[in-house]
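Only one structure is covered here, and it is reproduced in the block below.
Where a number appears in this text, it was derived from the coordinates with a stated rule and is not lab data. Keep in mind that what you see is a predicted model, and the values were worked out from it rather than measured. Virtual Cβ from ideal backbone geometry, glycine too; neighbours counted across all protein chains shown.
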Amino acid sequence: MDWSSWFRRTAKNAKSPNQQQQQNTHEDEEELLGVTSQLINHVKSFTLDTFKNFPLQAEEDGTDGTVTFSDEILAATETTSANIRKDLSQWQERHATLVLSKVKELSQLRFRLCPRHLKERDFWRIYFALVKSYVAEYELQAIRVAKIKRIAMEKEISSDSGAFEVEMAETKQAASLEPQPHEIAPS
């Protein structure tokens, strides 16, 4: 073995503390989004027929005749400023982006299926139905964390306004204690 080639390989494989921290952050994000090795192996087993033969249960929204996903988590859809319905939650969008980058087979399936055989929204409805047992706990945890953050922010806002109200009351009280110009007797 040549020492110079060994040194180059060792130097190439060595990671700086910053690179290590970035890798740990990326792994943490994957864990939060439920992209585990078990999920990846499950997703790699999907075929064209898995999506084509999946029985979609459509429910009429009643507002504009569009079909919406009946799952509890997707039922709370958001609208964008252009008044376009977003079918995926923020967590699901981040999960979908990450899983497409990690599992090239899914990306290729999506390319082959959409829009010829399936609409994009139907593709993701089927995907999340197929992986529900793998990602449900991660999504619920993300919902819990978001709710806790929202409650904490509401408490912070209410405590800030409470402090403001106390400050205003103290200012009014101090102003009422000062002698008024018409109360000062001329000497």
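Obtain the nm distance between the two label points defined at residue 57 and residue 107 by a simple spin-label model: each point lies 7 Å from its Cα along the Cα-to-C-beta direction. About 3.4 nm, to one decimal. Please give the FRET efficiency for residue 37 paired with residue 120, using the beta carbon to beta carbon distance and R0 = 25 Å, rounded to the nearest 0.05. About 0.40, to the nearest 0.05. Rounded to whole numbers, the Karplus 3J(HN,Hα) couplings from phi for the stretch 28-37 are 5, 5, 4, 5, 5, 8, x, 8, 9, 5 Hz, using 6.51 cos²θ - 1.76 cosθ + 1.60 with θ = phi - 60°, and x at Gly and Pro.
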